[in-house]
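A.B. asks: Take this structure, written in structure tokens, and hold onto it; I'll ask about it next.
The values are calculated or read from the model by the stated rules, or taken from the named source; none is laboratory data. The shown structure was predicted, so the numbers you read here are calculated from the model rather than taken from an experiment. For neighbour counting, all protein chains shown are included, and Cβ atoms are generated from backbone atoms with ideal geometry for every residue, glycine included. Side chains are part of the model used for accessible areas, which takes the heavy atoms of the whole protein and leaves out ligands, DNA and RNA. Shrake-Rupley method; radii C 1.70, N 1.55, O 1.52, S 1.80 Å.
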Amino acid sequence: MISYEPLIEHLKSNGITIKVLGELTGLSTATMAKFAKNESVTLETIDKICVLLGLPIENVVQIKGEDEELLSSSTYDDRLLKIIKELRVELKEKEKLLENYAATTEVKKAKVFSPSVISGREFSAGSFSERVKEMRKTVGLTVKELADLSGITQPTINNLENGSNSNPTINNVIKLCNVFGCSVDWLMFGDKEVQNGH
């Protein structure tokens, strides 16, 4: 909010009226009335008054906040820093929400694309892990070699073999089946009639 309080106080202390100031500067009565009402005037108008009275601009016009607090350069800097801090906090909160959303989405995707969900049959992590290990040894591969051939990481294969991964994704199961030459049904559920595609 604009305030001409410094100018008004200067005029009063020097016995000058707004009307006289208008006559001295050549400014119209309408323009001079704006000073009494704290309304905006052009910078050219303020410059004329500053030159005539020999005053710096801060002794003619001030900017106040909504709480009537005078906005000096330091106050402005403080407010700007406060706004920046608030924006940073808000940004961190949004980043956290996005991270949580991404993590939740990954979990949902893993469940949606799990073979047991797709087939609707009961899945036993223990039996599955035994079949994975059995097939790996049958085809004569180490965990590293199986990882290289399937594109599945070694830690994931270890988890699949020791039973700690109780919800393998359909993509990983298909990759293993492609290397082993067996069917998804056999590897997942032990359906002997479909082993090796028979």
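A.B. asks: Above 15 Å lies some portion of the pair distances; for region 1-59, what is it as a whole percent of all C-alpha pairs?
C.D. replies: Of all Cα-Cα distances in region 1-59, 43 percent exceed 15 Å.
A.B. asks: Would you please give the FRET efficiency between Val89 and Ile2, computed as 1/(1 + (r/R0)^6) with r the Cβ-Cβ distance and R0 = 35 Å, to the nearest 0.05?
C.D. replies: The pair Val89/Ile2 has a calculated efficiency of 0.65.
A.B. asks: Leaving ligands and nucleic acids out of the surface, order Ile84, Ile18, Ile46 by accessible area at 1.4 Å, largest first.
C.D. replies: Ranked list, largest accessible area first: Ile84, Ile18, Ile46.
A.B. asks: Label Glu39 and Glu130 with points 7 Å out from Cα along Cα→Cβ: what is the distance between them in nm?
C.D. replies: Distance between label points: 9.2 nm.
A.B. asks: How high is the relative contact order of region 133-177, given as a whole-number percent (alpha carbon pairs under 8 Å, six or more residues apart)?
C.D. replies: Computed over region 133-177, the figure is 29 percent.
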